[in-house]
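Have a look at the structure below before the remarks.
The values are calculated or read from the model by the stated rules, or taken from the named source; none is laboratory data. Here the structure is a predicted model, which means the values were calculated and not measured. All Cβ positions, glycine included, derive from the backbone under ideal geometry; neighbour counts span all protein chains shown. Areas reflect the complete protein model, heavy atoms only, side chains present, ligands, DNA and RNA absent. Shrake-Rupley method; radii C 1.70, N 1.55, O 1.52, S 1.80 Å.
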Amino acid sequence: MRLTKALAGLVAASLAASAAGQDTSPPAPPPAEPAAQPPAEPPAETPPQRGLSGLEDTVNQLRDEQAAEQPATPPAPAPTPTAPAPTPAAPAQPLGAAQRAQLDAAVQRGRLLYAISRAGLIATQDMLARVSDPAGAGIAGWIAEPEGNASRVTFFASGAAGTPPSAVYRVTILGGRVTSREVFLAGNRPPLGPHQARMAAARAAIEPLEHPACGGADLNVLVVPGAAADAPIDVYQMSVPGRRGYYPVGGHYKTMIAPDGSVAASRGFTNACLELPVPETPAGRQPLPLGVTHLLDPLPTEIHVFLALATGHPLVVVAGDPQRLFAVTGEGIAEIRN
């Protein structure tokens, strides 16, 4: 597939690292779009996302520009009679129903991870403004649960002598704002419900795992509520930005906690620590796509959807064998084909 000059530049650097067995990030954007420093924290609201159709329009426009600038290329010499012409690689077949369902699931999970992350950030800011010493208050972690269009975030203290964890601080978040809060004093803290207690235990179960952070020094822990009371619980450890103008693509992990509380499976989404330069989008302009190559899965994952939402930029993801090109936004994932 012929890529645009700009898009090819994004993807070419990624492909160059394939031999090393890891993802990579694109070079800095072209001079017409100078990089700037984004704010250290993401905005309170989900950044506007470029739709998939709009991203394909951008790709098509850049293809046209490349075709107009491409110099004439002399025809390749005909193969000698003793050397048959090489057989071109077969193009990737259209996505099947199972692959499309996998992409849909990745979009839903990526959006959920971003919602949990945003709720945790807003709730933590609110809690720190009212609890002067979280460690002294016994806060051991937090969990977030959906409540209709809102999210409920509970900061909890670990239980003692076999007792369940108890709530210390609880907030409800709707539309990026705290709409209610509760503070529970020592001696009057309600125990977490059974499912909440399982989420808190799942968070604690991943603490012994030696997963290195990428970019910053910490990993943000996102606990996904189980689909049922006895279903496994997924816990994500997400690297956070360590410097302005870059966002970690590597250093993200998923661990499945079995109903008995044991670690059933754990994986990373890259082979190395990677940071992606994120340029500032000038006023009135659409955000430029960011290019990455993904080697560990044949299709984009929930992490790519999360990154598109967190950075405010659509992604162009190269994945699979034969390689496919995908447009990824917070709205969905679509394959880009000729």
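Counting only protein heavy atoms, what percent of the accessible surface of region 210-338 is carbon or sulfur at a 1.4 Å probe? Mind dumping the intermediate values first?
Details: 2410 of 4950 Å².
Within region 210-338, the accessible surface is 49 percent carbon and sulfur.
Under a 5 Å amide H cut-off, with hydrogens placed 1.01 Å from N, Y247 pairs with L276, V278 among residues at least 5 apart or on other chains. Averaging the Cα positions of each part gives two centres, and for region 144-191 and region 221-283 these lie 22 Å apart. When all protein chains stay in place and ligands, DNA and RNA are ignored, the 1.4 Å accessible-area order of R198, R181, largest first, is R181, R198. When E145, E207 are compared by accessible surface with a 1.4 Å probe, the order from highest to lowest is E207, E145. Close amide H partners of A140, meaning residues 5 or more places away or on another chain with modelled amide H under 5 Å apart, are F156, A157, S158. Phi-derived couplings, Karplus 6.51 cos²θ - 1.76 cosθ + 1.60 at θ = phi - 60°, listed residue by residue for region 220-228: 7, 9, 10, 9, 8, x, x, 5, 8 Hz, with x used for Gly and Pro. Considering only S239, A213, N188, the residue lying farthest towards the positive end of the dipole of region 167-250 is N188, judged by Cα position with unit charges set on Cβ. Using +1 at the Cβ of each Lys and Arg and -1 at the Cβ of each Asp and Glu in region 213-299, identify which of A272, L288, V223 lies farthest towards the dipole's positive end. It is L288.
Packing here is the average count of other Cβ atoms within 10 Å per residue, and on that basis the peptides 236-246, 296-306, highest first, run 296-306, 236-246.
A cut-off of 5 Å between modelled amide H atoms, ignoring neighbours fewer than 5 places along the same chain, links N271 with D23. Between D260 and D297, the modelled label-to-label distance comes to 2.8 nm, taking each label 7 Å out from Cα in the direction of the beta carbon.
Could you give the accessible area per residue of region 233-338, probe 1.4 Å, as a whole number in Å²? List each step's numbers first, then the result.
Working: 3760 Å² over 106 residues.
On a per-residue basis, 35 Å².
Report the charge-dipole magnitude of region 124-276 in Debye, nearest 20, computed about the Cα centre from +1 at each Lys and Arg Cβ and -1 at each Asp and Glu Cβ.
Working: 12 positive and 12 negative charges, 68 e Å.
Once rounded to the nearest 20, the dipole reads 320 debye.
Could you give the dipole magnitude of region 206-281 about its Cα centre, charging the beta-carbon of Lys and Arg +1 and that of Asp and Glu -1, in debye to the nearest 20?
On the way: 4 positive and 8 negative charges, 53 e Å.
Dipole of region 206-281, to the nearest 20 debye: 260 debye.
Taking θ as phi - 60° and the Karplus parameters 6.51, -1.76 and 1.60, the scalar couplings of region 261-271 work out to x, 8, 7, 8, 6, 8, 8, x, 9, 9, 8 Hz in sequence order, x denoting glycine and proline.
Placing +1 on the Cβ of every Lys and Arg and -1 on the Cβ of every Asp and Glu, with no other charges, gives region 178-218 a dipole of roughly 240 debye about its Cα centre.
Please arrange F326, F184 by accessible surface area, largest first, computed with a 1.4 Å probe and ligands excluded. Don't skip to the end; give the middle numbers.
Details: F326 0, F184 30 Å².
So the residues, ranked largest to smallest area, are F184, F326.
Our coupling estimate for region 319-333, obtained by passing each phi through the Karplus curve with A = 6.51, B = -1.76, C = 1.60 and θ = phi - 60°, is 8, x, 9, x, 5, 10, 10, 10, 9, 10, 9, x, 8, x, 10 Hz, Gly and Pro reported as x. Each of A119, G175, A157 was placed along the dipole of region 93-194 (beta-carbon charges, centred on the mean Cα), and the one lying farthest toward the positive end is G175.
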